[in-house]
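Here is the structure we will look at, set down as structure tokens.
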Amino acid sequence: MLKKIVVSGANGKMGREVVRMIAGKDDFELVGAVDVTGVGEDINQLLSLDAPVVRISDDLAETLDQTQADAVIDFTNPTVVMDNIKLTSQKGIDIVVGATGITEVDLEKIEKMSQENGNKVIIAPNFAIGAILMMQFAQQAAKLMDNVEIIELHHDKKIDAPSGTAIKTAELISKNLSKKKEKVEEIEKITGARGGEHDDINIHSVRLPGFVAHQEVIFGGLGQTLTIRHDSINRKSFMPGVELAVRKLDEIEGVVYGLDNLIEI
């Protein structure tokens, strides 16, 4: 059955890749594109795609009313994503969220909205299958190695730190740590030099041009270290996961946080 999709953040780097992915699927149809840039332009023409005209709008509510969409794919940013989730929920429309910055408090609000309105929500800190495997491998390694730190590296336009992937990784690892990290009286000559801390795990964020999305999980033990690393070389790496999430909307109930909950490893 044809699934009608609106992409929010359609003219951004990730949004454009999502539009290209949709154009390549016989059972997906792009019926709306929302962004604050390129308003009035045909997103398919901008991307040189052989597809019907879909003009960019800056009004998600109006777009949803006009298109009768089945689902929204949101790759906006932390400043607007909660408003978009609330809007889609109120209209009973399913949504796949790739925008970052969703907190635990936000997640509780989203679950409540989904229960009240009956729509389905999939939120994924990372849509790359390899990144999901990295997180799962790190969680398993934590059963045998207690000392660990995370380094995440992203492009310089990413506004939130640490990344959602790093936070999710720390949460998964902490479930299997058998003991708390031994505290050392450290002297930080520059505040923040040891990174931030989540679930007793230090996380370090790097923001530089040239990177896309990368993460290292480094375990330290007696006379040895173990490094588990994932690299997204370009944004196409996320598209199989986005497609999977859209297809899984028909199978889930309520809210799913993390692509790992949609695949069997």
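Figure legend. Inter-residue proximity from segment 149-178: first residues at negative phi, second residues of a type in the set (S, T, N, Q) and surrounded by fewer than 21 Cβ atoms within 10 Å (Cβ to Cβ), beta-carbon distance below 6 Å, spacing 6+ or different chains. Indicated pairs: GLU149/ASN202; GLU152/SER205; ALA161/SER205; PRO162/SER205; LEU172/GLN139; ILE173/GLN139; ASN176/GLN139.
State whether the residues of segment 175-185 include one that is of a type in the set (Ser, Thr, Tyr), within 21 Å of the chain's Cα centre (by Cα) and farther than 15 Å from ILE228 by Cα. Full working, then the answer.
Step one: list which residues in segment 175-185 are of a type in the set (Ser, Thr, Tyr), which gives 178.
Now narrow it down to the ones that are within 21 Å of the chain's Cα centre (by Cα): none.
Checking segment 175-185: not a single residue is of a type in the set (Ser, Thr, Tyr), within 21 Å of the chain's Cα centre (by Cα) and farther than 15 Å from ILE228 by Cα.
What about ILE187, is it without any contact (Cβ under 8 Å) to a residue 12 or more places away in the chain, of a type in the set (A, V, I, L, M, F, W, C) and open to solvent by 30 Å² or more (accessible area, probe 1.4 Å)? Outline the logic, then answer.
Working: without any contact (Cβ under 8 Å) to a residue 12 or more places away in the chain: yes; of a type in the set (A, V, I, L, M, F, W, C): yes; open to solvent by 30 Å² or more (accessible area, probe 1.4 Å): yes.
In short, yes.
Can you tell me which residues in segment 85-108 are part of a helix (DSSP H, G or I), more than 25 Å from ILE173 (Cα to Cα) and more than 15 Å from the chain's Cα centre (by Cα)?
Quick first cut of segment 85-108, residues part of a helix (DSSP H, G or I) only: 85-90, 104-108.
Pick out the ones that are also more than 25 Å from ILE173 (Cα to Cα) and you get 85-90.
Across segment 85-108, the qualifying residues are LYS86, LEU87, THR88, SER89, GLN90.
For segment 13-55, the set of residues classified as part of a loop (DSSP other than H, G, I, E, B) and aliphatic (A, V, I, L, M) consists of VAL36, VAL39, LEU47, LEU49, ALA51, VAL53, VAL54, listed by residue number.
Identify all residues within segment 67-76 that are open to solvent by 10 Å² or more (accessible area, probe 1.4 Å) and either of a type outside the set (S, T, N, Q) or without any contact (Cβ under 8 Å) to a residue 40 or more places away in the chain (or both); write none if there are none. Before the answer, list the steps.
If we filter segment 67-76 for residues that are open to solvent by 10 Å² or more (accessible area, probe 1.4 Å), which is where we start, we get 67-70, 75-76.
The answer is ALA69, ASP70, PHE75.
I want to confirm something. Restricting to segment 77-94 and keeping residues that are open to solvent by 40 Å² or more (accessible area, probe 1.4 Å) and among the polar types (S, T, N, Q), which single residue is nearest to ALA124 (Cα to Cα)? Among those residues, the one meeting the criterion is ASN77.
Only one of the numbered conditions (1) open to solvent by less than 40 Å² (accessible area, probe 1.4 Å); (2) free of Cβ contacts under 8 Å to residues at least 40 places away in the same chain is violated by VAL217, and that is (2). For segment 226-263, the candidate set comprises residues that are open to solvent by 40 Å² or more (accessible area, probe 1.4 Å) and assigned to a strand (DSSP E or B); within that set, the residue that is nearest to ILE122 (Cα to Cα) is TYR257. Scanning segment 109-135 for residues that are open to solvent by less than 40 Å² (accessible area, probe 1.4 Å) and assigned to a helix (DSSP H, G or I) turns up ILE110, MET113, SER114, GLY130, ALA131, ILE132, MET134, MET135. In the set GLY24, GLY40, GLY15, only one residue is among the small types (Gly, Ala, Ser) and surrounded by 15 or more Cβ atoms within 10 Å (Cβ to Cβ); that residue is GLY15. Restricting attention to segment 136-155, the residues that are among the basic types (Lys, Arg) and either under 28 Å from ALA69 (Cβ atoms) or open to solvent by less than 10 Å² (accessible area, probe 1.4 Å) (or both) add up to 0.
The values are calculated or read from the model by the stated rules, or taken from the named source; none is laboratory data. Everything numeric here is computed off the predicted structure, so don't read it as measured data. Note that we place each Cβ from the backbone using ideal geometry, even for glycine, and neighbour counts take in every protein chain shown. Accessible surface areas use protein heavy atoms only, side chains included; no ligands, DNA or RNA. Shrake-Rupley method; radii C 1.70, N 1.55, O 1.52, S 1.80 Å.
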